[in-house]
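To start, the structure under review is shown below, and the notes come after it.
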Amino acid sequence: MIRIRVTSVVIIAAFVFLLFSIFNLQIVKGRHFKQLSDRNCIRLIPQEGSRGNILDREGYIIAGSELSYDAAISSELSSSLDNSLFVVSKVLQASPSELKARFKKNFIGKFAPVTIAKNITLKQAIALEELKPDFPEIVIQPHPQRSYPYGELAAHVLGYLNEIDNLRLTRLAGYGYKTKDTVGFGGVEEQYDYYLRQEEGGISLEVDHRGRFVRSLGFRLPKNGRDIQLTLNLKVQKIAEEALTGKVGCVILMDPYTGEIIAMESYPDFAPGAFVKRSNSVIRSLFSNSKAPLVNRAISSSYPAGSLFKTVVASAGLETGKINTSTTFFCSGKTTVGRQEFACWGQHGAQNLFNAIAHSCNIFFYNTGLLVGAQSIHDYAYKFGFGKQTSIDLPREANGFIPSPLWRKISRLRSWFDGDTANFSIGQGDVLVTPIQVARMMAVFANNGHLVSPYIVKAIDGRDVSLYQRKTIIVPVKEKTISQIKRGLRQVVADPTGTASNLAELTVPVAAKTGTAQAPPGQPHGWFAGYFPSDKPKFVICVFLERGGAGYYAGLVAKEIIGKMSQEGLI
C-alpha cells in the first residue's frame with residue numbers, strides 16, 4: 001500500500017509539473033516564443049530608394065543618383081558553388097577564394113542571393129548577365145548610388161556621404177537612424193539629411209526551418225528622399241572655383257538684400273564621389289592632408305580681420321561723433337602709442353576719412369580707435385555681426401572672436417593697454433572673423449543698413465522655403481554714416497592711388513576694401529570684400545587667401561571673377 005501511494009504521489013507530481021510547464025510555455029511565455037518563431041520563419045529583403053537630388057537655383061542637378069550594380073549568387077539555384085564562383089571570378093578579375101570568403105561573410109540563408117561584389121562596372125554586369133542561361137544562380141542587383149555630375153564643384157557646400165558613426169547614431173537613433181545607415185557629413189548632405197534620406201522598402205518572405213523559401217508575405221515600396229534646391233548659381237560657382245584653383249582660401253558671392261549664397265568655394269576641395277566609391281587611399285589622404293581639404297574655410301575657420309575691420313572702426317567713429325569727414329590725421333609712416341611704435345604700410349601724408357579708407361592708412365585708424373575706445377569698437381563690431389554665428393544653414397560654423405577690455409579683465413589676463421586698442425583698430429591682436437561674417441558686414445553697406453542672414457537652401461521638394469530663411473536686422477547706425485563709408489569704399493577702386501585701383505579697369509563699377517592680416521610667423525592673409533555694381537549692388541563678394549600675401553592678390557582673384565561674370569552676362 002505504501003509503495004502504491006508513493007507511486008501515485010510521484011505520478012501526480014509529474015503531471016502537475018507537466019501542466020505547469022505547458023501553462024508556462026503556452027500562456028505565460030507564449031507571446032515571447034511566438035515572436036521567436038516569427039523571426040525564425042520570416043525574412044526581410046530590403047530594397048533601397050534614391051536619396052533626394054540637390055539642384056542649383058536653375059534646376060541643374062549637382063548631386064543626384066545613378067544605378068550601381070552588385071554581383072550576387074543564389075545558393076538555392078547553384079548546383080556547384082565553387083564552379084559558379086570560378087566563372088564569376090573570371091569576369092570580375094578577382095580570386096575565387098576571395099569571392100568565397102565574401103559569400104560566407106554575407107550569407108544569411110538560402111532564401112536570399114548573397115552579394116559577392118559591390119559596385120561592379122556596367123560592362124561587367126552585362127558580361128555576367130550573358131552567362132545566366134548556363135549559370136542561372138548569377139544575380140545582378142541594381143541599386144541607386146549617389147553621383148556628382150560636376151565632380152568636385154561645390155564640394156564643401158554639398159558635403160559627402162559615409163556610414164553613420166557612433167556620435168550621430170546616438171544623437172539620431174530616435175529619428176529612425178540605425179547602424180550601417182549612410183548619412184551626410186558636412187554641407188547640405190548633413191544639415192538636411194533628414195529630408196534627403198530615402199525610406200527603405202522591401203519584400204517580406206516566409207522560409208522553412210532550413211531557410212528555404214515558402215511564400216511571399218508582403219511588399220513595401222521604397223520612398224525616395226526629397227529634392228533640395230539651392231541658391232547657388234552653377235555658372236558663377238564654376239567661375240569662382242576656376243579663379244581660386246591652386247590657392248588656399250575661399251570665395252563667397254551673396255545677394256546683399258536677401259542673404260542668398262550665389263557661390264561658395266573653399267580650396268583645396270575634395271571629390272565627394274571618393275566616399276561613395278570607398279576609395280580608401282584617397283579618403284586617407286584627405287584626412288591626413290595638412291591643408292585640411294575637408295574644412296570649409298568660408299564658414300568654419302576664423303582669421304585676423306586685418307584692414308577690413310577699419311570699416312567698423314570708421315562707423316564707430318562717425319556714430320560716436322569722435323570723427324567726421326573733415327577730421328584729418330597726418331601719416332608719416334609711423335606713430336607712437338605709449339612707449340611702442342606703430343607703423344603704417346606707407347607714408348600717406350594728411351588723411352581724411354575717405355583718403356584713409358582708399359589708402360587703408362593705419363595711422364588714421366590708430367588715432368580714430370584711440371578716440372572711440374576699445375569697448376565701443378567691440379560693441380559696434382557686434383552690431384555688424386562679428387563675434388557670433390551668422391546662422392547660415394550649414395553645419396560647423398565658427399563664431400569668430402571680438403576682444404574687449406572687459407573680456408581681458410574677466411579672463412584675468414594682462415591689463416588692456418592703448419597699444420591693444422591701436423592693434424584692435426586695424427583688425428589685429430585677438431580679432432578673429434570668418435569670411436561669411438565679412439561678406440555679411442559688407443552687405444550692410446550695399447543694402448544701406450540691413451544685417452542679412454545668409455542661407456543656401458531655396459526650396460525643399462518644390463516648396464519655397466526661402467521666405468523663412470530671409471531674416472534681417474536693422475543695424476543701428478545712421479543712414480548718413482552708411483553713405484559716407486560707401487563713398488570711401490568706392491574710392492578704394494575709383495581713386496588711382498586706392499588699394500584696389502586695378503579693378504577700375506573692369507566694365508562694372510566696384511566698391512570694396514582690401515585687407516592684409518598679419519599672422520606671424522608665416523605669410524600674411526589676404527582679404528578682399530566689396531559689392532558690385534557699386535551704384536546698384538547685385539552681389540557682395542568676399543575673397544580670402546590663407547597665407548596669400550597682401551590683399552592686392554585677393555583683389556586679383558575678385559577681378560578675375562567679376563570680369564568673367566560680366567563677360568558671360570551674369571551681372
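The values are calculated or read from the model by the stated rules, or taken from the named source; none is laboratory data. Since this is a predicted model, take the numbers as computed values, not measurements. In this analysis, Cβ positions are derived from the backbone assuming ideal geometry, glycine residues included, and neighbour counts consider all displayed protein chains.
Can Q347 be described as polar (S, T, N, Q), over 19 Å from G515 (Cβ atoms) and surrounded by fewer than 23 Cβ atoms within 10 Å (Cβ to Cβ)? Taking the combined requirement at face value, the residue satisfies it. Listed by first and then second residue, the pairs with beta-carbon distance under 7 Å, at least 6 apart or on different chains, first residue in the stretch 68-84 and under 13 Å from K100 (Cβ atoms) and hydroxyl-bearing (S, T, Y), second assigned to a loop (DSSP other than H, G, I, E, B) and at pLDDT 70 or above, are S78/E137; S84/F135; S84/E137. Applying the criterion of at least 1 residues that are under 29 Å from the mean Cα position of the chain (by Cα) to the helices (runs of 4 or more DSSP H) found wholly in the stretch 404-453 leaves 435-446. For the stretch 95-154, the set of residues classified as of a type in the set (G, A, S) and over 30 Å from L244 (Cα atoms) consists of S95, S97, A101, G109, A112, A117, A125, A127, listed by residue number.
Taking the criterion of being out of contact with any helix residue (DSSP H, G or I) (no Cβ under 7 Å at 6 or more places or on another chain) and not in a loop (DSSP other than H, G, I, E, B), the residues of the stretch 559-571 that qualify are I562, G563, S566, Q567. So, I541, is that one in contact (Cβ under 8 Å) with a residue 24 or more places away in the chain, among the β-branched types (V, I, T), closer than 17 Å to G306 by Cβ and touching a helix residue (DSSP H, G or I) at 6+ places or on another chain (Cβ under 8 Å) or not? Yes: the conditions hold for I541. When you check F329 against the structure, is it out of contact with any helix residue (DSSP H, G or I) (no Cβ under 6 Å at 6 or more places or on another chain) and assigned by TED's automatic domain parsing to the domain that holds V431, yes or no? Spelling it out, it is not the case that F329 is out of contact with any helix residue (DSSP H, G or I) (no Cβ under 6 Å at 6 or more places or on another chain) and assigned by TED's automatic domain parsing to the domain that holds V431. Of the residues screened, E199 is one that is modelled with pLDDT under 95 and either more than 17 Å from E48 (Cβ to Cβ) or not hydrophobic (A, V, I, L, M, F, W, C) (or both).
Against the list (1) modelled with pLDDT under 80; (2) in contact with an Asp or Glu (Cβ under 7 Å, 6 or more places away or on another chain), the condition N40 fails is (2).
Of all residues assigned to the stretch 65-72, none qualifies as being under 30 Å from I460 (Cα atoms), in contact with a strand residue (DSSP E or B) (Cβ under 9 Å, 6 or more places away or on another chain) and at pLDDT below 70.
Being surrounded by 15 or more Cβ atoms within 10 Å (Cβ to Cβ), part of a strand (DSSP E or B) and touching a helix residue (DSSP H, G or I) at 6+ places or on another chain (Cβ under 7 Å) is the requirement here; does K458 meet it? Here the answer is yes, as K458 does meet what is asked.
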